[in-house]
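None of the figures in this text is laboratory data; all of them are computed from the coordinates on show. Because the structure is predicted, anything quoted here is derived from the model rather than measured. Here the Cβ is made from the backbone with ideal geometry for all residues, glycine too, and neighbour counts use every protein chain on show.
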Amino acid sequence: MFADSHCHLFELPNLNEIVQNARTQNVQAMLSASTTPASNAQNLALRKKYPQIHACLGIHPSEIIRMNETEIATAKQFIEEHLHEAIAVGEVGLDFKDATTKPERDRQRELFAYFIELALTRQKPLIVHSRFSADETLRLLAEKNASRVLMHWFTGSKLHALQAIRQGYFVSAGSSLLFGSRSDETIAEIPSHQLLLETDTPVHFNHEMAEPAWIPRIAQRVSEIHQTTLKETETLTFNNALKLFGKKIIPEQP
Ligand SMILES: [Zn+2]
């Protein structure tokens, strides 16, 4: 079976169909990451409705710079109160493409530090977003001794990917592999015991929306790059997801 380690399933009008498609493709666990305060509540509701969906709670760094102090304080309180219902803290991190001024970047740094500490105290893994900020993201995680980390859709250089690997983190192969991306070379460098699969649904490629049912196709591309069989990639990546997220992702027997 497969796991989609990073997607956003809230606010999708055809979610029943998407979950059904995933099931048909043997994608049995989907980690729906939150980006906004509203999506934290939405993901918690989804997890109650669909046993395959697991909620991650957090605020996306690009959202943080649009929120005021009160909104951030309210969101933090909500996350602290509900984190026991979540499988991970995410999506959190630094995005220096969207945050361009020092105050904006400082605000992202402060919140990211808070989320790392929260994940550590509550023993949850972290799902980390990093764009134009790889050095600092990896340094902050190392300083705080974070160990259970997924660097999702890592767009940093190959060098940064290798640094993430040295720090013991997981890196995920995503939908872009299906669209002739340049990430092949980076994925080739990721040892199979630190590799996860993700779609980042509902991201669009050529007007086509990703969905968790794409995971076996992404696994097929990884198998080609790593010169393994699809079955091996399936087993390895699911075991990696189990290591990072725990047994909760195994579907309950009916
Ligand atoms: Zn995402």
Seen from all sides and averaged, what is the projected area of the convex hull of the Cα atoms in the range 13-126, in nm²? 7.6
Placing unit charges on C-beta atoms (Lys and Arg positive, Asp and Glu negative, everything else neutral), compute the dipole magnitude of the chain about its Cα centre in debye, rounded to 20. 480
Using a 10 angstrom Cβ neighbour count of at most 16 plus a DSSP loop assignment to flag exposed trypsin sites (Lys or Arg not before Pro), which longest range of the chain is free of such sites? 183-254
Base-10 log of normalised Debye intensity for the range 72-199 (one unit scatterer per alpha-carbon) at q = 0.16 Å⁻¹: -0.80
Please work out how much length the chain gains when fully extended from ALA113 to HIS207, using 0.36 nm per residue of separation minus the C-alpha to C-alpha distance, in nm with one decimal. 30.3 nm
For LYS76, go through the lysines and keep the ones whose alpha-carbon is under 18 Å away, minus same-chain ones fewer than eight residues off. LYS124
Where does the chain land at 222 nm, in deg cm²/dmol rounded to the nearest 500, when only DSSP H runs of n ≥ 4 count, each adding -39500 (n - 2.57), divided by all residues? -13500 deg cm²/dmol
Counting other C-beta atoms within 10 Å, and keeping those with at most 10, which DSSP coil GluC sites (Glu not before Pro) do you find in the range 155-254? GLU252
What is the distance, in nm, between label points placed 7 Å from the Cα along the Cα-to-Cβ direction at THR228 and at GLN123? 2.8
If neighbour count is taken as other Cβ atoms inside 10 Å, put HIS152, HIS193, HIS82 in order from fewest to most. HIS193, HIS82, HIS152
What does the convex hull of the Cα atoms come to per residue for the range 130-254, in Å³? 115
Using only the alpha carbons of the chain, what is the convex hull's orientation-averaged projected area in square nanometres? 12.7
Exactly which GluC sites (Glu not before Pro) in the range 1-77 are in a DSSP loop and have at most 13 other Cβ atoms within 10 Å? GLU11
